[in-house]
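Asks: The structure's right below; bear with me while I get my questions together.
The values are calculated or read from the model by the stated rules, or taken from the named source; none is laboratory data. Please read all numbers here as calculations on a predicted model, not as lab measurements. All Cβ positions, even for glycine, are placed from backbone atoms using ideal geometry, and neighbour counts span all protein chains on display. These accessible areas exclude ligands, DNA and RNA; they are computed on the full protein's heavy atoms, side chains included. Shrake-Rupley method; radii C 1.70, N 1.55, O 1.52, S 1.80 Å.
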Amino acid sequence: MARLYSAVKALSDYAIALGINVPTGKDSLSMTQKYPDGQKVVAPGTVIVSAVGEVSDIRRTVRPVMKGRLDSELLYVDFSSDGFELGGSSFAQAIGAVGQKAPDVKSPAYFKKAFNAVQRLIEEGLVMAGHDVSAGGLITTLLEMNFANTEMGMELNLKDFDKEDFTSVMFCEKPSVVLQVTDDGAAKKLLRQLGVRFKVLGKPTVKRQITIRHAGHDYLFDIDALRDVWYRSSYLLDRKQCGERKALERFENYKKQYLHYSFGRGFTGKAKDLGIVMNRRKKSGIKAAIIREKGCQCDREMAYALYLAGFDVKDVTMTDLATGREDLTDVNMIAFVGGFSNSDVLGSAKGWAGAFLYNEKAKKALDDFYAREDTLSLGVCNGCQLMIELGLIYPDHEERPVMKHNDSHKFESAFLNVEIAQNESVMLKTLSGRRLGVWVAHGEGRFYFPYYRDKYKIVMTYGQERYPGNPNGSDWSVAGICSNNGRHLAMMPHLERAFLPWQWAFYPDNRKDDEVSPWIEAFVNARKWVEEHTK
């Protein structure tokens, strides 16, 4: 670290010599967060090492959450071949120590062999869940595997570790993994064949606790109580960011608002049942346009969702519209995408709206598009804010809805539930009654409605009324609205980031063969509507 600091300092001095403005002082190599009361929190300089690896099948993801399968067992696979050293560990730091020796990888060749063996287990479908033993050591790994499963626990016997110090075994952070595998012996047999050492830790249990037997002693860990301890640091940070009220609300609800879905009886997850060709290469003649301003960055996902549903998609920038290169006369659907238009510094897409309102050619293109009877539009996140700002959903209302800052006063990013109401939206009508999972990522997503609820076509609400399930405090937990004719839809959640199963943070285990998620149906509905209205 001293060498790294010296190198960075030398580069800084060189830049100053060239006349380049470089921050100086003790905070110059740190990230600094300043709060309104003048308090300053400095994060120390950190070395970040990034790596990229090829993934042969993105659907074969192993999550770090133990499955509720009693016919399984837990294995400990050591990659390092080293002892249980505590130097440099979180445990050492917690007691104000550094330690004499940190764990090491004794044999790079064996590390490679162990790594490849685990990949082989995953490829052959023998791993239900897995977690690396890293920050916090084995005890943290075991607890984190249970925090999110909400129902079960573990009964473990560390007889293979009896000669080791219990504290060292629990808190050593040497390279290793814990795998949940079937108890039929297939995983253990393959590991033996590949020459990889492992130890059996124990099995899942219906009791909501972790019991560990080591060297004749029994240790009991209350999972739910320790989960609150684990989450407390987030709560303390929340207090500084959004105040005691919202921080406490999140702390009280974070483990109660679990994800659950209703996909509908008719949804098969098969592309062909929705008329989708996953590897389509021919043009359909049904045209859509992505509308984006500088700073928007969700255009690729949106374009692919539209293309997969059967649209021919083109990219239209605000410069294209402002100069007259594009006028939208040849498209039947437009999508205002999410992101941070104009770096989001103007708030709720006001700068983006101004690019339409104060440019004659862009405004005429937009007005002409909405005057037609054969058009659809979709606005997501930043695009939703734009549609609300321009009054495109309820143009006849004297007072229009407004997008306000989240109640938490901070950017909210999460995967959560939404419920789709009975509705007449072109895109969402067939999804009525569904409860789905979706991503949100916004700082100003709170719908404010000046009139009573019956004045609006509310098509989507958050699955929970309270924060953080309702991430922004929207009136009536609203997540999306549509125009009175059902053709124009504005929503804050990112459905274009969830139309494929592997995009979801959690997808049902019993639907592993799904090619698409229910959200693609919304885009297919749009394509079908355009087909019917342009014959």
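Asks: Tell me which lysines have Cα within less than 18 Å of Lys163's Cα, excluding those fewer than 8 residues away on the same chain?
Replies: Filter leaves Lys174, Lys199.
Asks: Taking a ≥ b ≥ c as the square roots of the Cα gyration tensor eigenvalues, with a/c under 1.5 meaning rounded and otherwise prolate when a/b beats b/c, else oblate, which class fits region 400-535?
Replies: Values: a/c = 2.04, a/b = 1.12, b/c = 1.82.
Because a/c hits 1.5 or more and a/b fails to exceed b/c, region 400-535 counts as oblate.
Asks: Accessible area of Ser56, 1.4 Å probe, to the nearest 10 Å²?
Replies: About 110 Å², rounded to the nearest 10.
Asks: Tell me the label-point distance for the pair Val98, Ala215, using the 7 Å Cα-to-Cβ offset, in nm and rounded to one decimal.
Replies: 2.8
Asks: With n ≥ 4 as the cut-off for DSSP H runs, can you work out [θ] at 222 nm for the chain, using -39500 (n - 2.57) per run divided by the number of residues, rounded to the nearest 500?
Replies: Taking each H run of at least 4 residues, the total per residue is -9000 deg cm²/dmol.
Asks: Under 8 Å for C-alpha pairs, at least 6 residues apart: give me the relative contact order for the chain, rounded to a whole percent.
Replies: Value for the chain: 11 percent.
Asks: Hey, which lysines would be in cross-link range of Lys512, C-alpha to C-alpha under 19 Å, not counting anything within fewer than 8 residues on its own chain?
Replies: Hits, sequence-local ones excluded: Lys67, Lys270, Lys272.
Asks: Here are some pairs, Lys283/Lys429; Lys34/Lys294; Lys255/Lys404; Lys282/Lys528; which of them have Cα atoms lying more than 21 Å apart in this structure?
Replies: Beyond 21 Å: Lys283/Lys429; Lys34/Lys294; Lys255/Lys404.
Asks: How many percent of DSSP beta bridges within the chain run antiparallel, rounded to 5?
Replies: Working: 53 of 75 bridges.
Roughly 70 percent of the beta bridges in the chain run antiparallel, per DSSP.
Asks: Between Thr182 and Val49, what length in nm is gained on full extension when 0.36 nm per residue of separation is reduced by their alpha carbon distance?
Replies: 44.4 nm
Asks: Can you put Glu123, Glu144 in order of accessible area, largest first, using a 1.4 Å probe? Provide the component values of the computation, followed by the final result.
Replies: On the way: Glu123 105, Glu144 55 Å².
Largest to smallest exposure gives the sequence Glu123, Glu144.
Asks: Could you give the angle, 0 to 90 degrees to the nearest 10, between helix 2-17's Cα long axis and the longest principal axis of the Cα atoms of the chain?
Replies: The angle comes out at about 40 degrees.
Asks: Further, regarding this structure: At 7 Å along Cα-to-Cβ for each site, give me the label-to-label distance between Ser432 and Leu70 in nm.
Replies: So the label points at Ser432 and Leu70 sit 4.3 nm apart.
Asks: According to a simple spin-label model (label point 7 Å from Cα along Cα-to-Cβ), what is the distance in nm between Lys106 and Tyr448?
Replies: Result for the modelled spin labels: 6.5 nm.
Asks: Please label the shape of region 67-128 as rounded, prolate or oblate, based on the square roots a ≥ b ≥ c of the eigenvalues of the alpha-carbon gyration tensor (a/c under 1.5 means rounded; beyond that, a/b larger than b/c means prolate, else oblate).
Replies: In terms of gyration-tensor shape, oblate.
Asks: Take the alpha carbon atoms of region 136-215, find their center, do the same for region 389-408, and report the distance between the two centers in whole angstrom.
Replies: Region 136-215 and region 389-408 have Cα centres separated by 53 Å.
Asks: Within region 315-386, report the GluC sites (Glu not before Pro) that DSSP leaves as loop and that have at most 11 other Cβ atoms within 10 Å.
Replies: Here the sparse-neighbourhood loop sites are Glu373.
Asks: Please list, in order, the residues from region 41-67 whose amide nitrogen is less than 20 Å from a point placed 7 Å along the Cα→Cβ vector of Asn279.
Replies: 55-60
Asks: Using a Förster distance of 30 angstrom, determine the FRET efficiency expected from the C-beta separation of Lys272 and Asn116, and round it to 0.05.
Replies: Computed FRET efficiency for Lys272 and Asn116 comes out at 0.25.
Asks: Next up: Which angle from 0 to 90°, rounded to the nearest 10, does the C-alpha axis of helix 520-533 make with the longest principal axis of the chain?
Replies: Once rounded, one gets 20 degrees.
Asks: Which entry in (i) 85, 52, 43; (ii) 98, 60, 43; (iii) 79, 64, 45 is this structure's computed Cα extents along the principal axes in Å?
Replies: Read-out taken from this structure: (iii).
Asks: What pairs in Lys207/Lys246; Lys314/Lys535; Lys159/Lys189; Lys101/Lys203 have C-alpha atoms more than 30 Å from each other?
Replies: Pairs exceeding the cut-off: Lys207/Lys246; Lys101/Lys203.
Asks: With a cut-off of 8 Å between alpha carbons and a minimum separation of six or more residues, what is the relative contact order of region 395-450 in percent?
Replies: Normalised by residue count, the contact order of region 395-450 is 51 percent.
Asks: Residue-wise, which Karplus ³J(HN,Hα) couplings in Hz belong to region 350-366, taking 6.51 cos²θ - 1.76 cosθ + 1.60, θ = phi - 60°, and x for glycine or proline?
Replies: 5, x, 5, 4, x, 5, 7, 5, 10, 10, 4, 6, 5, 5, 5, 4, 5
Asks: Given Cβ point charges of +1 (Lys, Arg) and -1 (Asp, Glu) and nothing else, what value in debye, to the nearest 20, does the dipole of region 204-279 about its Cα centre take?
Replies: Values: 15 positive and 9 negative charges, 44 e Å.
Here region 204-279 has a charge dipole of around 220 debye.
Asks: How high is the relative contact order of region 455-535, given as a whole-number percent (alpha carbon pairs under 8 Å, six or more residues apart)?
Replies: 19
Asks: With a ≥ b ≥ c taken as the square roots of the eigenvalues of the C-alpha gyration tensor of region 134-193, please select rounded if a/c is under 1.5 and otherwise prolate if a/b is larger than b/c or oblate if it is not?
Replies: oblate
Asks: Where a Cα-Cα gap under 16 Å defines reach, which aspartates and glutamates qualify for Lys287, not counting those fewer than 8 residues away within the same chain?
Replies: Hits, sequence-local ones excluded: Asp299, Asp312, Asp315, Glu326, Asp327, Asp330, Glu373, Asp374, Glu531, Glu532.
Asks: Calculate, for the chain, the solvent-accessible area per residue in square angstrom, rolling a 1.4 angstrom probe over the heavy atoms of the protein chains.
Replies: Computed with neighbouring chains in place, this is 51 Å² per residue.
Asks: Using a 1.4 Å probe over the heavy atoms of the protein chains, calculate the carbon and sulfur portion of the accessible area of region 121-202 as a whole percent.
Replies: 46
Asks: Could you please state, rounded to a whole Å, how far the C-alpha centre of region 302-347 is from the C-alpha centre of region 420-498?
Replies: Region 302-347 and region 420-498 have Cα centres spaced 21 Å from each other.
Asks: Oh, and also: Once the Cβ-Cβ distance between Tyr370 and Thr323 is put in as r, and R0 is 30 Å, what FRET efficiency do you end up with, to the nearest 0.05?
Replies: Working from the Cβ atoms, E equals 0.90.
Asks: Another question about this same structure. Does anyone have the angle between helix 223-253 and the longest principal axis of the chain? Alpha-carbon axes, 0 to 90°, nearest 10?
Replies: The angle comes out at about 40 degrees.
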